[in-house]
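Student: Quick one: this structure, given as structure tokens, is what I'll be asking you about.
The values are calculated or read from the model by the stated rules, or taken from the named source; none is laboratory data. Just so it is clear, the structure is predicted and the values come from calculations on it, not from any experiment. Cβ placement follows ideal geometry from the backbone for every residue including glycine, while neighbour counts extend to all protein chains displayed. Surface accessibility is based on the protein's heavy atoms, side chains included, excluding ligands, DNA and RNA. Shrake-Rupley method; radii C 1.70, N 1.55, O 1.52, S 1.80 Å.
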Amino acid sequence: MNIETAALAFDGNGTPFSKTFDDVYHSADSGPGQARHVFLGGNHLPANWAGRNTFTIIETGFGIGVNFLATWQAWRDDPARPARLHYVSIEKHPFRRDDLQTLHARYAEFAAFAPLLHAAWPLPLAGSHRLYFEDGHVTLTLILDDVARALARLRGGADAFFLDGFSPAKNAAMWEPRVMQALARLARADATLATYTTARAVKDGLTQAGFVHERRVGFGSKRDMLAARYRPRWQPRHAPPATPAWPRRHALVIGAGLAGTAVVERLAARGWTIDLIERRAAPASEASGMHAGAFHPLLARDDSIAARLTRAGFLYALQRWTALERAGHAPDWHRCGLLQLAENANDALRMQDTVAALALPPEYARMVDANEAASLAGIRLRHGGYWFAQGGWMRAASLAAVNLELANKKSNVAMRFGSSVDRLERNGDEWRALAADGSVIASAPVVVLANAADAARLVDFAHPLQRIRGQVAHLNNRFAAPRVVLTGSGYLLPAIDGVAVAGASYDVDDTDTLPHAAGRAQIAEQLRQMLGGEFSIDDADGRVGFRCVAVDRLPLVGAVADLAAARANATALSGAQPADLPRLPGLYSAIAYGSRGLVWSGIAAELLASQLDGEVLPLESDLVDAVDPGRFVLKRARHGAL
Ligand SMILES: Cc1cc2nc3c(=O)[nH]c(=O)nc-3n(C[C@H](O)[C@H](O)[C@H](O)COP(=O)(O)OP(=O)(O)OC[C@H]3O[C@@H](n4cnc5c(N)ncnc54)[C@H](O)[C@@H]3O)c2cc1C
Ligand SMILES: C[S@@+](CC[C@H](N)C(=O)[O-])C[C@H]1O[C@@H](n2cnc3c(N)ncnc32)[C@H](O)[C@@H]1O
């Protein structure tokens, strides 16, 4: 969804200024000076984070990012810094990257940091953007949205708050009582808060939300500022989730496809010990073993849950893959651009209307007509469609390999190939993964089911998962392949190592593991729809895989519900929320990625790892609930059908 960007301007003193809000971005005396005195000093930082493993700061108003850069600098300079600094910042009107570069050129002290921020800076698209610095030890979760909605959708706990909207008189929405209430819901016990303003309305809002505040000496020409602490006189009704206390940070990950290897990488980056259990002899041997696949966003006029999740996953993946490439761990991929072709003239009109309604940045998505589409693709096409300049293809197996390579560098990962998990058994505070002969393959307090549809054999999700057959054709050099990825009725990739992949069939209730004539006919028809002309792919080589799909077409990522316990407590759960559901301790899933494994697997793994370590989540709460593996249990409970 479109986000209105900020316009670069300065006031008479040369201080960055917003004409929309008629206010300056920071004290005229010094932005970095104000950041250190008011926001860091007001929160007793760096002293308060010393020796902590993780420390989380939530800021309202990212603006130019001066506070973020000053905090990052303080973190780097502090020998007692926390292992992980999570900086979450909310911004409704972000600057564009080039304006940010112009602004940052004014702060010489941030010269070592600012270019790294610019390199990771996202397009102005609504939602949560997770950016990594310092090899993942500093994380910036930038939420591009209105403050009230962003805070309401934020899941996690904060140790400190920086309140930095424009002045309350000019930007009341940033200081409303509901904003303070939302901060209180996110505050960990004894969380601190600082702001430059001492406006009456702000003090009252803070007091009502349970913050005890005091006046301190202000920065520069400002006489005073506020520092506060979360000390409600009442027992809060909504506290942030407690950090899980695992007996050992050791996880079994079952399945070494895109889903499992991504989880292994994210957990290893956080120092978990992992046993990866895979029934095949090598990673990416099933669905993730296709020659190559397409990656692209999904557009929907109503910016549906699926569209938002896919946008978050796409942007996250691009950022990660680019960073991997820079670090010399490039998977085999190409951001060659992707055309999503209209099926007919009416479809093209509908797509045109959707792009116009969403008002997206053209670098992300724009509409092209048939002529422009053909010139982008280098071959004749029947219709135009969406042009995703940053889409492309990826060999999933190469991504899985990079995931495992990185994980091995960061932590202790035991790779157990050729081991099939027959069942799971609870033993004390651990899970045991058992083979068919009853022998224990491995045990740990946490299990992540990343074994696609087979997961439903190991636990009951209260709804079946479908296995949907997909057949692709490998077209050889004689075929005039496009320069960019084409999708529409099917897809056609550029030639990769002399092979252009065309596909894929979508066969419900078909378990044939070998390519068949009906599949080839389906692919030929898809090609005809996109390119025009007749195709015979009788002699083409091919491959079959099975997608794992849930009934609502969304993945199942997170803690698995305890169906038996829910049934035993059915009456109480009739009006339940996801947080009320009983869960199987330590049992998580990362499955049902359908046809979107490339864009969903990374963000899903980051979500899961954040949940396991009790960190701020990388996705908004409605997306987290939409992918909750307990959602089918919840639905049944609400309908009295457990
Ligand atoms: C024809 C086709 C085309 C596709 N095209 C695209 C595309 O263009 N773009 C895209 O993003 N996605 C595409 N997909 C989807 C993508 O391939 C999947 O979403 C993705 O590979 C799923 O990854 P996964 O790790 O969940 O599953 P898998 O890759 O199937 O991995 C699951 C792993 O679990 C292992 N396992 C299962 N049970 C057990 C057990 N009991 N014990 C031990 N190990 C076990 C399996 O051996 C397997 O290795 C396509 C899929 C198909 C079939
Ligand atoms: C004073 S500036 C923040 C300065 C910033 N902390 C820094 O270090 O550079 C206030 C910011 O709040 C943003 N803002 C204003 N109204 C908002 C709203 N309703 N929701 C989210 N952000 C908002 C503005 O766009 C602006 O960037």
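Student: Quick one: in segment 1-58, of everything that is within 15 Å of residue 222 (Cα to Cα), of a type in the set (A, V, I, L, M, F, W, C) and outside any loop (DSSP other than H, G, I, E, B), which residue is most open to solvent (accessible area, probe 1.4 Å)?
Tutor: Among residues in segment 1-58 that are within 15 Å of residue 222 (Cα to Cα), of a type in the set (A, V, I, L, M, F, W, C) and outside any loop (DSSP other than H, G, I, E, B), the one most open to solvent (accessible area, probe 1.4 Å) is 24.
Student: Restricting to segment 400-425, count the residues that are touching a Lys or Arg at 6+ places or on another chain (Cβ under 6 Å) and crowded, with 18+ Cβ neighbours inside 10 Å.
Tutor: So the count comes out to 0.
Student: So, one more: Tell me whether segment 452-470 contains one or more residues that are over 19 Å from residue 589 (Cα atoms) and touching a helix residue (DSSP H, G or I) at 6+ places or on another chain (Cβ under 9 Å).
Tutor: Yes, segment 452-470 has at least one match.
Student: From the list 478, 469, 457, exactly one residue is surrounded by fewer than 17 Cβ atoms within 10 Å (Cβ to Cβ) and closer than 30 Å to residue 524 by Cα. Which is it?
Tutor: Going through 478, 469, 457 in turn, the sole match is 478.
Student: Could you tell me whether residue 576 is open to solvent by 10 Å² or more (accessible area, probe 1.4 Å) and within 24 Å of residue 426 (Cβ to Cβ)?
Tutor: Criteria not met by residue 576.
Student: With respect to residue 251, is the statement that it is within 33 Å of the chain's Cα centre (by Cα) and within 16 Å of ligand 1 (Cβ to nearest atom) true?
Tutor: Yes; evaluated as a whole, the condition is true for this residue.
Student: Name every residue in segment 254-287 that is within 16 Å of ligand 1 (Cβ to nearest atom) and in a strand (DSSP E or B), in order of residue number.
Tutor: Selection gives 254, 274, 275, 276, 277, 278.
Student: Among the residues of segment 299-310, is there at least one that is of a type in the set (A, V, I, L, M), closer than 25 Å to residue 474 by Cβ, within 15 Å of ligand 1 (Cβ to nearest atom) and at pLDDT 95 or above?
Tutor: Among the residues of segment 299-310, not one is of a type in the set (A, V, I, L, M), closer than 25 Å to residue 474 by Cβ, within 15 Å of ligand 1 (Cβ to nearest atom) and at pLDDT 95 or above, which makes the answer no.
Student: For segment 441-472, give me the residue count where each residue is more than 30 Å from residue 491 (Cβ to Cβ) and within 14 Å of ligand 1 (Cβ to nearest atom).
Tutor: 6
Student: While we're looking at this one, here's another question. In segment 536-550, which residue that is in contact with a Leu (Cβ under 8 Å, 6 or more places away or on another chain) and buried (at least 20 other Cβ atoms within 10 Å of the Cβ) is modelled with the lowest pLDDT?
Tutor: 540
Student: Where the second residue is more than 16 Å from ligand 1 (Cβ to nearest atom) and open to solvent by 90 Å² or more (accessible area, probe 1.4 Å) and the first is closer than 18 Å to residue 100 by Cα and small (Gly, Ala, Ser) and lies in segment 12-24, which pairs have Cβ atoms under 9 Å and are six or more apart or on separate chains?
Tutor: So the pair list comes out as 14/106; 18/170.
Student: Cβ-Cβ under 8 Å, sequence separation 6+ or interchain: first residue in segment 555-579 and of a type in the set (D, E, K, R), partner part of a strand (DSSP E or B) and at pLDDT 95 or above. Which pairs?
Tutor: 562/583; 562/584
Student: Still on this structure, please answer the following. Just the residues that are touching a helix residue (DSSP H, G or I) at 6+ places or on another chain (Cβ under 9 Å), under 25 Å from residue 126 (Cβ atoms) and hydrophobic (A, V, I, L, M, F, W, C), please, taken from segment 359-383.
Tutor: Listed by number, the residues that qualify are 365, 367, 368.
Student: Kindly check whether there is at least one residue in segment 291-314 that is under 16 Å from residue 599 (Cα atoms) and open to solvent by 40 Å² or more (accessible area, probe 1.4 Å).
Tutor: yes
Student: Tell me the residue from 456, 450, 481, 442 that is modelled with pLDDT of 95 or more and more than 29 Å from the chain's Cα centre (by Cα), please.
Tutor: 442
Student: If you don't mind, there's one more thing I want to ask. Does residue 71 fit the bill of being of a type in the set (S, T, N, Q), within 15 Å of ligand 2 (Cβ to nearest atom) and either open to solvent by 20 Å² or more (accessible area, probe 1.4 Å) or assigned to a strand (DSSP E or B) (or both)?
Tutor: In short, no.
Student: So which residues in segment 39-68 are among the polar types (S, T, N, Q) and more than 16 Å from ligand 2 (Cβ to nearest atom)?
Tutor: Within segment 39-68, 48, 53, 54, 56 meet the criteria.
Student: Another question, then. How about segment 232-276: which of its residues are open to solvent by less than 10 Å² (accessible area, probe 1.4 Å) and of a type in the set (Ser, Thr, Tyr)?
Tutor: Scanning segment 232-276 gives a single hit, 261.
Student: Criterion first (touching a helix residue (DSSP H, G or I) at 6+ places or on another chain (Cβ under 8 Å), open to solvent by 10 Å² or more (accessible area, probe 1.4 Å), at pLDDT 95 or above and within 10 Å of ligand 1 (Cβ to nearest atom)) does residue 553 satisfy it?
Tutor: For residue 553, the condition - touching a helix residue (DSSP H, G or I) at 6+ places or on another chain (Cβ under 8 Å), open to solvent by 10 Å² or more (accessible area, probe 1.4 Å), at pLDDT 95 or above and within 10 Å of ligand 1 (Cβ to nearest atom) - is not met.
Student: If you take the residues of segment 499-528 that are open to solvent by 50 Å² or more (accessible area, probe 1.4 Å) and part of a helix (DSSP H, G or I), which of them is farthest from ligand 2 (Cβ to nearest atom)?
Tutor: Looking at residues that are open to solvent by 50 Å² or more (accessible area, probe 1.4 Å) and part of a helix (DSSP H, G or I), I get 517.
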